[in-house]
Amino acid sequence: MHTAALIDIVSNAGGFATRRQLRQAGATDRDLTRAVRSGDLHRPRLGWYSNLPLDDDRVTAVRVGGRLTGASALFHLGGWMWARPGTVCVSVAPHAARLRRCRRSRVVWDPVAVRERGGTAVVTVADALVRAVLEEDFEIAVALCDWALSHERISADEFADVIALLPADARRIADWVDADSDSILESVVRTRLRKAGFHVTSQVPVGFGRHTDLVVNGVLGIETDGRKWHADRFDADVSKDMATFIRRRIPVHLSYELITGHWDTVQAAIEAAVLMHRDGTAAGPVPPARLRVREDRSAGRTSGRGRGSVRARRAPLRAGRRWRLPRRMPDQVSHSWSRRTELTATPRPPARSRTSTRALTRHDPAAAPGHTGHDHRTGAKDSR
């Protein structure tokens, strides 16, 4: 068999094929040896052949003896993450043997049911999401859930199963997920603003076929973009800004650099813009849609203490967990901004009533009706 035919067979199999599969296709041992010596194929593991690059995470997982899972699998599938994970998470069966050690790899033992699902080198999206949600930071965990639902990698019922497999104290992360998100920037900004106490709505229509990425408190329209990706859409973005102004909202554009490197400045600017808007307090919170969670699929984990227990709410992080649920839920919008505190602390002159004005007119004839009682010329002299 020609080497090109071998490469086509391996590519159609997902980049990996066993010796048995290739021999059943008509290849001989001499054909396989010739393909390996020419560099067209390589053996990541005894009895396995691949044409993928050696630095591919899938090759590392097969070399160890398992499959990609967790954040490594989701990043390979296009999940929303800032960067490639530093370690390759490899899923192996409970009774796996002859595992190899590879640099940058980490082995996790999954149930037999996980082994029966998925592909040759990658587990299913749902199985990878269960592990990645607990091992990544909170905003990235929410972004990965947003990506899975937004790109229809899992259905709503499958996501409910994923939530049911999480520990009891982590299932409320479903309240922070929004399937309408279009990018990691939009997802992260929404999560950060909700944690800060803002009411945020995703993908709000502005005219026919156009949407604003995020609307904050009903008065701010945020577009998470940048010149790097939107330089050819300048006119369309300006037109959308005009439509946003017509709807009595302030358009704001946030780039990747602002979101990742200057978030404190961004949040302070958003707080000031909301407070300056005359309708800044008109929008009320809208409770997010809650998904049905099956309590009988907790993967053997026992639930924690009751909601009223202070010790349960302030319990330390579980082993392997990188986040704790924020105390302020996204549907509990209680603004406690520093700018509003400063405005409240500023003393204001007491309002003058009609009774005090009439009394002042009787005792001071110079204060005629319709006059404020303040002599601007006297004030000018005193100011000198």
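Highest-first packing order for the peptide set 200-206, 109-115 is 200-206, 109-115, based on the mean count of other beta carbon atoms within 10 Å. Scaled to the globular estimate 2.2 N^0.38 Å, the Cα spread of region 1-52, given as radius of gyration, is 0.93. For the pair LYS195 and SER38, a Förster radius of 41 Å applied to the C-beta separation gives a FRET efficiency near 0.15, rounded to the nearest 0.05. The order of the peptides 50-56, 171-177 by mean Cβ neighbours within 10 Å, most packed first, is 171-177, 50-56. Applied to region 94-111, the Karplus parametrisation 6.51 cos²θ - 1.76 cosθ + 1.60 on θ = phi - 60° returns per-residue 3J(HN,Hα) values of x, 10, 5, 10, 6, 7, 9, 8, 10, 5, 6, 10, 9, 8, 10, 9, 10, x Hz, with x for Gly and Pro.
Read-outs throughout are calculated quantities, based only on the coordinates presented, and are distinct from any laboratory measurement. What you are looking at is a predicted structure, and each value in this text was computed from that prediction instead of being measured. Glycine gets a Cβ as well: all are built from the backbone with ideal geometry, and neighbour counts include every protein chain shown.
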